[in-house]
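All remarks here apply to the structure that follows.
The values are calculated or read from the model by the stated rules, or taken from the named source; none is laboratory data. The model shown is predicted, which means the values in this text are computed figures rather than measured ones. Cβ placement follows ideal geometry from the backbone for every residue including glycine, while neighbour counts extend to all protein chains displayed. Surface areas here come from the heavy atoms of the whole protein model, side chains and all, with no ligands, DNA or RNA. Shrake-Rupley method; radii C 1.70, N 1.55, O 1.52, S 1.80 Å.
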Amino acid sequence: MLEHLNSTPQKPSRVVVLGAYGFVGGTCARRLAARGVAVLPLDKDDIDLTASGAAEQLQMRLAPDDAILVVSARAPCKDHVVYFSSDAVYSDAPVPLTEESRTEPGSMHGTMHLARELMLKATVKAPFAVVRSTLIYGEGDPHNGYGPNRFRRLAAAGQEIVLFGEGEERRDHVLVDDVAEIVCRVIEHRSRGTLNIATGEVYSFRDIAERIAAMAKPVVAVRGTPRQGEMPHGGYRPFDITACRRAFPDFRYTSLADGLNQA
């Protein structure tokens, strides 16, 4: 669960964003700057975190009262550290996931995130928060991942939307702007602990594809294909967002309908 060390939001002196030019990191950096927060954006062109001496290079760039948002690897400890993780750390379950759900990832992606969480938790001396996001969609995604982002690009090009199987698996999808807003609040409250970022609503990929296809001009077709392999997560990945509502009671996630119109 998440605990706020600042009972009311306070601007940090500066936020150092590792991975600041990516999809999520860039959105978070822009939102922080729009709130009047000083931001030091860093990416692999500034410091190669895999190179020898990278920790020392990064240490030289940091001030004692910096907060650090980690959307890519290694972060020496400072005033506050927030690690951006993934719901892939959780085991599959037929019930809504919470922050207390079992962390036994079934993929290399999830294993990587869990390993980073554990390493940072063991080494960070400052207040440390982990935010675990579900599937993210929105403007600026460079990955063209299966789901809303790819479907919108296909529809914009006048191409049919091709589904895995019949697109029957149901997942939670969160708008990247909502992700950035939650991260900003975690930083402003100097929060520590764990928080899932998910809307609490699930939609099938076919439902999302048909919504996007109907919005296209002209309308495009949606087609299923024979499924190769098992359906991810047993076809169902819901979340209980009670902890998020408790942490930020005035926050409301963007509905899928409104998010698709914005993305």
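Every listed requirement among (1) touching a residue at least 12 places away in the same chain (Cβ under 8 Å); (2) over 22 Å from the mean Cα position of the chain (by Cα) is met by Val24 save one, (2).
From the list Ser107, Ser72, Ser101, the lone residue that is modelled with pLDDT of 95 or more and small (Gly, Ala, Ser) is Ser101. Checking each residue in the stretch 177-230 for being of a type in the set (Asp, Glu) and closer than 22 Å to Glu139 by Cβ picks out Asp177, Asp178, Glu181, Glu201, Asp207, Glu210. Look at (1) among the polar types (S, T, N, Q); (2) farther than 19 Å from Val183 by Cα; (3) modelled with pLDDT of 95 or more and you find that Ser86 fails only one, number (2).
Out of all the residues in the stretch 129-136, is one or more at pLDDT below 95 and either among the acidic types (Asp, Glu) or assigned to a loop (DSSP other than H, G, I, E, B) (or both)? Scanning the stretch 129-136 turns up no residue that is at pLDDT below 95 and either among the acidic types (Asp, Glu) or assigned to a loop (DSSP other than H, G, I, E, B) (or both).
For the stretch 135-158, a residue qualifies if it is open to solvent by less than 20 Å² (accessible area, probe 1.4 Å), within 18 Å of Cys28 (Cβ to Cβ) and touching a Leu at 6+ places or on another chain (Cβ under 9 Å), and the qualifying residues are Tyr137, Gly138. Quick check, is Arg245 among the basic types (Lys, Arg), out of contact with any Lys or Arg (no Cβ under 8 Å at 6 or more places or on another chain), surrounded by fewer than 18 Cβ atoms within 10 Å (Cβ to Cβ) and under 30 Å from Glu3 (Cβ atoms)? Taking the combined requirement at face value, the residue satisfies it.
The residues of the stretch 159-193 that are surrounded by 17 or more Cβ atoms within 10 Å (Cβ to Cβ) and more than 22 Å from the chain's Cα centre (by Cα), listed by number, are Ile161, Leu163, Phe164, Gly167. Output the residues belonging to the stretch 247-260 that are within 19 Å of the chain's Cα centre (by Cα) and of a type outside the set (A, V, I, L, M). Correct list: Phe248, Phe251, Arg252, Tyr253, Thr254, Ser255, Asp258, Gly259.
In the stretch 43-69, the residue that is modelled with the lowest pLDDT out of those that are under 18 Å from the mean Cα position of the chain (by Cα) and within 9 Å of Gly19 (Cβ to Cβ) is Asp43. A search for C-beta distances below 8 Å between a residue of the stretch 216-233 that is of a type outside the set (Gly, Ala, Ser) and any residue that is at pLDDT below 95 and surrounded by 12 or more Cβ atoms within 10 Å (Cβ to Cβ), counting only pairs 6+ apart in sequence or on different chains, returns His233/Asp92.
Applying the set (1) of a type in the set (Lys, Arg); (2) buried (at least 17 other Cβ atoms within 10 Å of the Cβ); (3) closer than 17 Å to Thr134 by Cβ to Arg206 leaves exactly one unmet item: (3).
Here is the figure for the stretch 91-134: residues that are touching a Leu at 6+ places or on another chain (Cβ under 8 Å) and in contact (Cβ under 8 Å) with a residue 40 or more places away in the chain total 7. Of the helices (runs of 4 or more DSSP H) contained entirely in the stretch 173-263, those carrying at least 2 residues that are farther than 17 Å from Glu99 by Cα fall at 176-188, 205-215, 256-262.
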